[in-house]
1. How big is D, in µm² s⁻¹, for the stretch 204-246 by Stokes-Einstein at 20 °C and 1.002 mPa s if Rh is the Kirkwood radius over C-alpha pairs?
2. So the label point goes 7 Å from the Cα of E253 along Cα→C-beta, right? Which residues of the stretch 203-236 then have their backbone N under 14 Å from it?
3. Using θ = phi - 60° and the Karplus curve 6.51 cos²θ - 1.76 cosθ + 1.60, what whole-Hz ³J(HN,Hα) does each residue of the stretch 67-74 get, with Gly and Pro shown as x?
4. Among Y148, Y98, what is the fewest-to-most ranking by other Cβ atoms within 10 Å?
5. Over its Cα atoms, what ratio of radius of gyration to 2.2 N^0.38 Å does the stretch 97-179 give?
6. ³J(HN,Hα) across the stretch 263-268 via Karplus (A = 6.51, B = -1.76, C = 1.60, θ = phi - 60°), whole Hz, x for Gly/Pro?
7. Projected area of the stretch 227-272, taken from the Cα convex hull and averaged over every viewing direction, in nm²?
8. Hey, rough spin-label estimate for A183 and D100, points 7 angstrom out along Cα→Cβ, what's it come to in nanometres?
Amino acid sequence: MSRNGRRAPPGFPLSIERVADASRAAPLLRPQRPVHEAAEHARRAAAPTGLGLDSEAVRARMAERVRAAGIGDERVLAALAAVPRHQFIDSALATQAYEDTSLPIGHGQTISKPSVVARMIELLLDGAAARASGHLGRVLEIGTGCGYQAAVLARLARNVISIERLKPLHDKARENLAPWRSARGLADIRLVYGDGRLGHPPNAPYASIIAAAGGEDLPAAWTEQLAVGGRLVAPLHDAPGRPQRLVVVDRTEAALRHSVHEAVHFVPLRSGLA
Ligand code: SAH
């Protein structure tokens with residue numbers, strides 16, 4: 001049952017009215033690479049030269065690359081330009097931190113590609129509640145990984161609740177985010193060790209829900225925990241073995257509506273803890 005006593009709508013795809021296929025003829029985002037290819041790329045890629053990794057100019061250049069990939073929301077670009085991505089990855093890979101690419105973070109997982117992070121946040125900011133408030137409100141992130149996206153979200157949200165099912169990554173994210181969690185002007189970030197398929201009922205409902213791992217269904221808990229006016233963005237296989245696409249679900253008083261966007265390539269959404 002939902003908070004107002006009415007039965008929550010069942011999960012995707014049963015009850016969700018498909019409103020649009022917004023897939024573009026020329027996809028904006030190249031899919032992210034599988035983990036083994038990301039690792040191989042990281043080994044081969046040339047290091048950026050001439051600028052220290054802590055420099056604002058390096059981050060600004062990455063934001064410009066993301067803009068060139070089609071992201072137009074200045075708030076998202078500013079948030080990307082503010083977060084030192086190299087601090088979230090292994091120092092051996094740090095020289096690739098400001099390329100628009102996913103990179104391995106251990107345990108078979110990857111840090112997401114900046115243009116994909118940006119696109120998903122841009123989509124969230126275009127939801128009804130976020131348009132009305134000008135920010136993401138209370139955000140649920142499924143798949144903390146190294147914590148990078150949580151740090152970006154924290155610049156645009158009121159609260160961030162981020163769930164990770166792999167204990168070593170949850171612990172690593174806690175370490176990586178420690179300097180950010182006390183920073184003034186940033187949203188509070190709460191890290192939860194748990195199965196994100198269940199969402200996180202104690203803090204529901206969420207104005208924004210973002211998944212960093214792709215499954216074959218949208219867990220019912222996510223749509224149940226989405227606030228009225230809220231928006232969910234997640235990678236989803238529309239059939240087993242088919243490519244993932246970004247799916248947007250909007251919740252109104254009466255319905256859940258979904259639209260389908262670019263092809264992406266995320267690590268799989270798994271059940272249970274590890
Ligand atoms: N948000 C990260 C991306 C991490 S990769 C970033 O900033 O780059 C996706 C993460 O989702 C992995 O760490 C993986 O362990 C996690 N994951 C997969 N299934 C999950 C589930 N059911 N609950 C919570 N986390 C999950």
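Read the figures in this text as sums done on the coordinates, not as results from a lab. Bear in mind that the values here come from a model prediction, so they are computed numbers and not experimental data. Because the Cβ atoms are built from the backbone with ideal geometry, glycine has one as well, and the counts that use them run over all protein chains shown.
1. Using the Kirkwood radius from Cα pairs, D works out to 198 µm²/s.
2. 228-229
3. After applying 6.51 cos²θ - 1.76 cosθ + 1.60, I find 4, 5, 7, x, 8, x, 6, 4 Hz.
4. Y98, Y148
5. It is 1.11.
6. For the stretch 263-268, the Karplus curve yields 6, 9, 9, 10, 5, x Hz.
7. Average of the hull's projected areas for the stretch 227-272 equals 4.1 nm².
8. According to this spin-label approximation, the distance is 2.3 nm.
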